[in-house]
Amino acid sequence: MRDWVTDDPMYFLRSMKTATPLQRKLSNRRRATPASPERGQRRTHDAAHSLAEKENQAMTRMARIFVAMMLSMLAACATGQRMDYVDASAWSANYTEDYIQDFWIQTADGKTTGVGGVSVSEFSRGGTSGRICCSLMPGVGQTIKVVWRVGGHQEDESTWKTYSRDVEVKGAMPTQPQSHSYLIVRFFPDHEVEAELFPSADLRPENPRVDKLFSGQRVMRHIGE
């Protein structure tokens with residue numbers, strides 16, 4: 001039988017004119033032979049493999065994002081620090097003639113933070129206090145409760161009077177969350193209080209926001225200044 005497989009189309013057409021019906025049938029069957037099942041299965045397998053690979057890549061990206069979020073949360077938990085909290089110690093500036101035996105900082109719902117001070121002298125005697133370092137407390141924009149006790153130098157503790165005020169923390173947050181800050185608590189007449197936060201780099205005598213009392217200058221200050 002003559003070979004009908006050729007790369008020359010003109011030769012194929014000329015041959016078809018003289019081909020017997022059987023030859024035409026065999027030639028047409030050869031041309032119309034479908035792709036082998038193995039080839040179809042290979043294409044299906046390749047498509048499925050490509051889809052599975054894309055799904056695996058998407059799952060990997062999601063897992064990486066989840067791990068990064070968890071690491072960030074664990075880092076904050078490891079230090080016991082919330083994102084809106086700061087590590088701080090308190091300084092006090094007393095613009096009254098009350099002798100403040102001690103004071104401490106609470107959260108708005110009454111939980112003690114551990115930040116506070118003792119022995120705040122009267123304004124006429126310098127107006128500053130001893131310092132207690134240090135603990136975590138709510139940062140700028142958060143509400144805190146300042147609690148303090150007033151009593152004479154020689155008076156029994158049972159005679160001391162306790163006051164408290166809810167105030168919003170003013171000032172600036174530190175640029176590095178783990179760095180130390182200072183909370184200046186200012187006491188004014190009529191039992192008014194202010195609280196201003198200073199990152200450690202900003203607590204300088206030349207900073208106009210820092211009270212002159214800390215430089216030994218008895219300069220009066222009023223609430224809101």
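The values are calculated or read from the model by the stated rules, or taken from the named source; none is laboratory data. Since this is a predicted model, take the numbers as computed values, not measurements. Cβ sites come from the backbone with ideal geometry, for glycine too, and all protein chains shown count toward neighbours.
Given the structure, is SER158 out of contact with any Pro (no Cβ under 8 Å at 6 or more places or on another chain), free of Cβ contacts under 8 Å to residues at least 60 places away in the same chain and over 23 Å from VAL86 (Cβ atoms)?
Considered against the rule, which asks whether it is out of contact with any Pro (no Cβ under 8 Å at 6 or more places or on another chain), free of Cβ contacts under 8 Å to residues at least 60 places away in the same chain and over 23 Å from VAL86 (Cβ atoms), SER158 comes out as yes.
Each row is one residue, and each column tells you yes or no for (1) in contact with a His (Cβ under 8 Å, 6 or more places away or on another chain); (2) at pLDDT 95 or above; (3) surrounded by 15 or more Cβ atoms within 10 Å (Cβ to Cβ); (4) more than 20 Å from VAL120 (Cα to Cα).
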position: TRP148; (1), (2), (3), (4): no, yes, yes, no
position: HIS153; (1), (2), (3), (4): no, no, no, no
position: VAL167; (1), (2), (3), (4): no, yes, yes, no
position: THR175; (1), (2), (3), (4): no, no, no, yes
position: VAL185; (1), (2), (3), (4): no, yes, yes, no
position: PRO189; (1), (2), (3), (4): no, yes, no, no
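Residues being part of a strand (DSSP E or B), within 20 Å of ASP102 (Cα to Cα) and either free of Cβ contacts under 8 Å to residues at least 40 places away in the same chain or aliphatic (A, V, I, L, M) (or both): count how many of those fall in the stretch 169-182.
Number of matching residues: 0.
When you go through (1) surrounded by 15 or more Cβ atoms within 10 Å (Cβ to Cβ); (2) assigned to a loop (DSSP other than H, G, I, E, B) one by one for GLY110, which number turns out not to apply?
It is condition (1) that GLY110 fails.
Return a yes/no flag: does the stretch 121-134 have any residue that is modelled with pLDDT of 95 or more, part of a strand (DSSP E or B) and either within 23 Å of THR162 (Cβ to Cβ) or β-branched (Val, Ile, Thr) (or both).
Within the stretch 121-134, none of the residues are modelled with pLDDT of 95 or more, part of a strand (DSSP E or B) and either within 23 Å of THR162 (Cβ to Cβ) or β-branched (Val, Ile, Thr) (or both).
Considering the stretch 135-147 alone, what residues qualify as being assigned to a strand (DSSP E or B) and not hydroxyl-bearing (Ser, Thr, Tyr)?
Those that are assigned to a strand (DSSP E or B) and not hydroxyl-bearing (Ser, Thr, Tyr): LEU136, MET137, PRO138, ILE144, LYS145, VAL146, VAL147.
What pairs come out if I take residues in the stretch 74-96 that are over 19 Å from ILE132 (Cβ atoms) and charged (D, E, K, R) and pair them with residues that are outside any strand (DSSP E or B) and at pLDDT 75 or above whose C-beta lies under 8 Å away, six or more apart or interchain?
Cβ pairs passing all conditions: ASP84/GLY139; ASP84/GLY141; ASP84/GLN142.
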